Amino acid sequence: MEIKYSIDDLPVQDPPTEEFTASDLTWTKYGSSEHHVDDVALVPYDRVDAFIGGECSNPEHPTRFHIERGRKRERGSLKECKSDEYLLYRLYWCSFGPENYGEGGSILPSRRYRLNTRNRAARPQSMRGCTCHFAIKRLYARPSIALIIYHERRHVNKSGFICHGPLDRDAIGPGAKKVPYICSEIQQQTMSLIYLGIPEENVLQTHIEGVQRYCDPNTSVNSLASQYVQKLGMIIKRSTHELDLDDQASIRMWVEKNKKSVFFYQDSSETDPFILGIQTEWQLQQMIRFCHQSILACDSSFGISKLKYPLYTLLAFDSRHHALPVAWVITRTITKQDVSKWMKALVDRIRAVDSVWNIYGFIIDDPALEIDPIRQIFCCPILFSLWRIRRSWLKNVIKKCGHIEVQREIYKRLGKIMYSIWTKEDPMDAMEELFQDFIDQTAFIQYFKAFWVPKIEMWLGTIKSLPLASQESCGAIEGYHVKLKLKVYDDSHLGALQRVDWLVHKLTTELHSGYWLDLYADESGSFPSVKEEYILSTSWHRALQIPDDAVTFDDKEHLFAKVLSQKDGGQERMVWNPGSEFALCDCSWSMQGNLCKHIIKVNLLCQHKKEFLPSLSYLSFQEVLLDLWRKPMDDSLSLDLSMAWVAQMQDNIQRLVELITSGDIAKVTNKLPLKWIGRRERTSVGKPTGGSTLSLRRTNKGGVQKKAAARRKSRKRKRLSRIKSYS
């Protein structure tokens, strides 16, 4: 086959089917210094997903392709470019590779014999070393065209043997070659249903339906599927968190067995505190997917008084703006040095997959957290969420004050302390007034003075200095916190709360499976009841189901609002102090300290009414804009800095408007200033050259030049041998 050295003459192929595979395309041998000689084809960029979907549905090798590596360029960054230069580059790899975890483990430290607990039933969740992979380039010169480069089309391992699918002789059980390989999606679906306590009959029926997507229904398939589900259920039922009687040794063993799910581990010692960072491969993919150019949030101190080590959760917001856990960190330390360690390890792991990944904001919920590591590592603005302080105040007001009238008035006064930050009143005066007016509520006043007065200035200072997160994000974070609390504390083995291995087991099995199934049901539509429950799992989405005419306001003094119940048409809920984040509802959900749907609905309607105060997040946003607009002292350096910031913002906004409204992007890019960059030198084994290499060149110039010439000759011989082999 003739080898092409330019893609300008290649035709753009667009198969008419909804999804298409490699067999539907005509491939051309393309050779260059970058990817040697590979099969390539051009397709419209908007058909890339159709190609990936078709490759995943291959009946001989059903699989999923994940992004192994990615790079991106900005438009206008190249003055001159080749025909195959990329605007966006993604390397897709079969999910049964590239690693190979098929061989057995080692003897456990606390046992004399090898216990095969990794995978008794089968291998669908293990990596088989599959080498099938392809790259997709969105062309720089033609952004509407994608170049597909298929490096390896066969689903084989390094030895050349088929490693998964119905043709794999080593697949699960006798007769498995007649049954398509159980892909990771069906495996995870079955595990999730078992972990969530679904009856075995329903799990088996769902599992058979998933398998039959890849093969014709017959009694043999049903029999093997039944054996598989029973065996997997038995393994899950018999699994235990205690790998060793000693908790510390048990965690070491778990880390050793689950290296791909651990992004940072530091064992406790005399000098270093205990830190365990957990992120499964699925969580990694969701963090790349939902957090890139979006918001990352945290639930920073779950179980601080009940668990052996508190749990720090990083949360992404999915397509429905639900909080999705994408990483867990178990530790008690919050020092700058220790936080920087695991944050840097997490970001390095993500950018090893997607080098251009970045976030636009990070939401914290505790002023005691170190924010310097966030600014240095994530390089983004920091927002503050009020959900924790609002929830803590409400729960203690309800717990320590007996009468509903006293509860709503105290809670309203607490909200007044927060609003005083922006109404130019003294928060300390508002707090002293609260103590004097409710001196008879000794239980609550003593609690507030003991727990909050020593640190109230720190909280108020942080709330004033950082932008506030919206009520929707606060409700989503609180929704995750409530679900986590139900999963962790609703357990008969309450003595296990002081074991870290129990918490790890709980997170990586039940909680992980629950969120995986929720997202899968929402995106695939496979489980309508699970999808409906997932959509309405936050108060924000439940509030959107309430019609506007179900809410009536007190027109005289604007003290309360009434919300007509949608389940019981004759029942009304009273929302006191409407329009404020510190509103109080008489429903059971609000009385437990949660942000209920009635308060959110009332506050959404209050945004359009002038007689109610705006939300705290809006006042915070307004303060940020006023700080930018406010004129500094005349003829000062602050004036120069402010003018520079305003000019930069105006320039960025103007360019953004031009990009959106312009029909020809070339006209916009030609106006951009040139950006000069230094020419990068060649690297050795993927490592950039440093200062020591420069000094070596100066001291031993002749020897280095000889080695470089030898390497160039070696590369040339390899290219020529490859070209001859293909010809």
Leu507: passes all of (1) open to solvent by 30 Å² or more (accessible area, probe 1.4 Å); (2) in a helix (DSSP H, G or I); (3) touching a strand residue (DSSP E or B) at 6+ places or on another chain (Cβ under 6 Å) but (1)
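What number of residues in the stretch 254-278 are in contact with a strand residue (DSSP E or B) (Cβ under 8 Å, 6 or more places away or on another chain), under 24 Å from Leu196 (Cβ atoms) and open to solvent by 20 Å² or more (accessible area, probe 1.4 Å)?
Narrowing the stretch 254-278 to residues in contact with a strand residue (DSSP E or B) (Cβ under 8 Å, 6 or more places away or on another chain): 255, 261-266, 272-278.
Next, only the ones that are under 24 Å from Leu196 (Cβ atoms) stay: 261, 278.
Narrowing further to those that are open to solvent by 20 Å² or more (accessible area, probe 1.4 Å): 261.
Selection size over the stretch 254-278: 1.
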Given the conditions (1) assigned to a helix (DSSP H, G or I); (2) open to solvent by less than 70 Å² (accessible area, probe 1.4 Å); (3) at pLDDT 80 or above; (4) out of contact with any Ser or Thr (no Cβ under 7 Å at 6 or more places or on another chain), every one holds for His207 apart from (4)
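Collect the residues in the stretch 235-250 that are modelled with pLDDT of 80 or more and either open to solvent by 40 Å² or more (accessible area, probe 1.4 Å) or farther than 30 Å from Phe274 by Cα (or both), keeping them in residue-number order.
Leu245, Asp246, Gln248
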Taking the stretch 293-313 and keeping residues open to solvent by less than 30 Å² (accessible area, probe 1.4 Å) and in contact (Cβ under 8 Å) with a residue 60 or more places away in the chain leaves Leu296, Ala297, Cys298, Asp299, Ser300, Ser301, Phe302, Gly303, Leu307, Leu311, Thr313
Across the stretch 1-25, the tally of residues that are touching a residue at least 60 places away in the same chain (Cβ under 8 Å) and either crowded, with 16+ Cβ neighbours inside 10 Å or assigned to a helix (DSSP H, G or I) (or both) stands at 3
Looking across the stretch 368-386 at residues that are open to solvent by less than 10 Å² (accessible area, probe 1.4 Å) and more than 18 Å from Gly461 (Cβ to Cβ), the single one that is farthest from the chain's Cα centre (by Cα) is Pro373
Evaluate the following for Arg320: is it open to solvent by 10 Å² or more (accessible area, probe 1.4 Å) and over 27 Å from Leu497 (Cβ atoms)? yes
Check your understanding: Would a scan of the stretch 513-522 turn up a residue that is assigned to a helix (DSSP H, G or I), modelled with pLDDT under 90 and surrounded by fewer than 19 Cβ atoms within 10 Å (Cβ to Cβ)?
Key -> no
Any residue in the stretch 425-447 that is open to solvent by less than 10 Å² (accessible area, probe 1.4 Å) and under 30 Å from Ala543 (Cα atoms)?
-> no
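Conditions (1) closer than 26 Å to Leu196 by Cα; (2) of a type outside the set (Phe, Trp, Tyr); (3) assigned to a helix (DSSP H, G or I), marked per residue:
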| site | (1), (2), (3) |
| --- | --- |
| Leu224 | yes, yes, yes |
| His241 | yes, yes, no |
| Asp244 | yes, yes, no |
| Ala249 | no, yes, yes |
| Arg252 | no, yes, yes |
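When residues of the stretch 26-64 are filtered for being in a loop (DSSP other than H, G, I, E, B) and either within 18 Å of Ser524 (Cα to Cα) or open to solvent by less than 40 Å² (accessible area, probe 1.4 Å) (or both), how many remain?
Going through the stretch 26-64 one residue at a time, the tally reaches 7.
The values are calculated or read from the model by the stated rules, or taken from the named source; none is laboratory data. In this text the structure is predicted, and so the values were computed from the model without any measurement. Positions of Cβ are generated from backbone atoms using ideal geometry, with glycine treated the same way; all protein chains shown enter the neighbour counts. For accessibility, only protein heavy atoms count, side chains too; no ligands or nucleic acids. Shrake-Rupley method; radii C 1.70, N 1.55, O 1.52, S 1.80 Å.
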